[in-house]
1. Among the candidates Lys167, Lys203, Lys160, Lys179, which residue alone is more than 19 Å from the chain's Cα centre (by Cα) and closer than 22 Å to Phe105 by Cα?
2. Within the stretch 337-348, does at least one residue satisfy the condition of being within 23 Å of Cys246 (Cβ to Cβ), in a helix (DSSP H, G or I) and either in contact with a helix residue (DSSP H, G or I) (Cβ under 7 Å, 6 or more places away or on another chain) or in contact (Cβ under 8 Å) with a residue 60 or more places away in the chain (or both)?
3. When the stretch 169-208 is examined, which residues are found to be part of a strand (DSSP E or B) and either within 21 Å of Glu378 (Cβ to Cβ) or among the β-branched types (Val, Ile, Thr) (or both)?
4. Taking Leu261 as the residue in question, decide whether it is surrounded by 13 or more Cβ atoms within 10 Å (Cβ to Cβ) and either out of contact with any Leu (no Cβ under 9 Å at 6 or more places or on another chain) or among the aromatic types (Phe, Trp, Tyr) (or both).
5. When Lys254 is evaluated against the numbered criteria (1) more than 17 Å from Ile210 (Cβ to Cβ); (2) among the charged types (D, E, K, R); (3) free of Cβ contacts under 8 Å to residues at least 24 places away in the same chain, which criterion, by number, is the only one it fails?
6. Could you say whether any residue in the stretch 107-122 is assigned to a loop (DSSP other than H, G, I, E, B) and assigned by TED's automatic domain parsing to the domain that holds Thr13?
7. Going through Lys49, Lys94, Lys40, Lys56 one at a time, which residue ends up being over 25 Å from the mean Cα position of the chain (by Cα), modelled with pLDDT of 90 or more, more than 30 Å from Ile151 (Cβ to Cβ) and of a type outside the set (S, T, N, Q)?
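The values are calculated or read from the model by the stated rules, or taken from the named source; none is laboratory data. Quantities reported herein were computed from a predicted structural model and do not represent experimental measurements. Cβ placement follows ideal geometry from the backbone for every residue including glycine, while neighbour counts extend to all protein chains displayed.
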Amino acid sequence: MKQLKDYEQQLKTCSKCGLCQSVCPIYKVTGKETIISRGKFNLLLGLLKGDLKFTKNMDNALSLCLNCKACDDFCPSSIKTTEILCAFKNQYRKFCFPFKYDSLFFFKMFFLGLLFNLYRVFNFSFLVNKLNSFIKKFGSLGELLLLFDNISRIKVKRKKTKNDTKKLKVIYFEGCFTKYINPSTKNALLNQLEKHGVEIIQKKFDCCGISALYSGKKELFEKLKEKNSELLNEDCNYIVCDCASCLSTLKEYKKDFSSKLIDIFELISILEKKKFNEKITYHLPCHLRDKKKEIKRLIKNNFINYEEMDDFDVCCGFAGDFSLKFPKISEKISQQKAKNIQKTTADYVLTSCPGCFVGLTKGLIHSNINKNVLNIIEYIDINS
């Protein structure tokens, strides 16, 4: 990863055209100039010149980013805002937090996984369903419990299918959300691949490193990258992911296997041409922006009654730690997504990212809109 000073010339090429303003989801709900790329660039140039210093306020201002890369795509000067902010984060951590706290993310995921497993074991979902209307009276706390309950549900169970015809050899990279919190997506993925006679290779992968990458933990990201790369360096037809964020991050490794990376929905579309009749709408995860045209084409081909929501490719507002650090802004963005979903006649809202599943569900619960949100591979398995 480059240092912040290496991007000085890039920062100076910003023409202040304002295209970043027109596509930034955070600007749309805050109206603050410092939110958009050109505003952040002014802060970073001040930092490089020595007029500004590394402070908590500076970090907060530059952390107001969903890493959705919308500004990257629309920038006429091809400035990579996300990459530059990662460099800032790395330098800020070294300046203000020289000690390491690399295991924090993994501890959080393990702890959350434990909570969800206990919730399922004691079947608290039964109680929550009985008291649903009462729980809603508790405002944000009630909404959080309903969200937790929704995430905890195992929508797809494992059903092993014997198929001796091995057409393809695929490495399955399991995302952290699936591993620790929601095994339903993994169940659906394995069910579908086995059904189509795919040889599935599963290994003990670490986190893809997206959290480390966007929080500036360069050393941790490189460590995860090298370990996972070694495990991925095996002869296969495809490397399939259950999470758009994992897929995007593995591409950041820039290794020889990059050309084999594929989203599970794309792979299933190759294996089987099937039409689904239910009314659905689809939310495109930010980390599948590079495949927007292809995914849109596949959705239209596979779903007869597909209805595109307004801004189907705009961030849901979750963005991992962003929703914890800036909950009010995250909620406003997810509520706007809920309004766009409500305008459709769709019975199901599909997506390809567990983080988006959380963001969309959160917005719908807050807006009291009754729509079913599913990972697209779960929907396919349930209806196959």
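1. Result of the check over Lys167, Lys203, Lys160, Lys179: Lys203.
2. Within the stretch 337-348, one or more residues are within 23 Å of Cys246 (Cβ to Cβ), in a helix (DSSP H, G or I) and either in contact with a helix residue (DSSP H, G or I) (Cβ under 7 Å, 6 or more places away or on another chain) or in contact (Cβ under 8 Å) with a residue 60 or more places away in the chain (or both).
3. Val170, Ile171, Tyr172, Phe173, Val198, Ile200, Ile201, Gln202 - these are the residues of the stretch 169-208 that are part of a strand (DSSP E or B) and either within 21 Å of Glu378 (Cβ to Cβ) or among the β-branched types (Val, Ile, Thr) (or both).
4. Criteria not met by Leu261.
5. Going through (1) more than 17 Å from Ile210 (Cβ to Cβ); (2) among the charged types (D, E, K, R); (3) free of Cβ contacts under 8 Å to residues at least 24 places away in the same chain one by one, Lys254 breaks only (1).
6. No.
7. Answer to the selection: Lys49.
Conditions (1) surrounded by fewer than 16 Cβ atoms within 10 Å (Cβ to Cβ); (2) in contact with a strand residue (DSSP E or B) (Cβ under 6 Å, 6 or more places away or on another chain); (3) more than 30 Å from Lys217 (Cα to Cα), marked per residue:
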site: Ser77; (1), (2), (3): yes, no, no
site: Thr82; (1), (2), (3): no, no, no
site: Phe110; (1), (2), (3): yes, no, no
site: Tyr119; (1), (2), (3): no, no, yes
site: Glu143; (1), (2), (3): no, no, yes
site: Leu147; (1), (2), (3): no, no, no
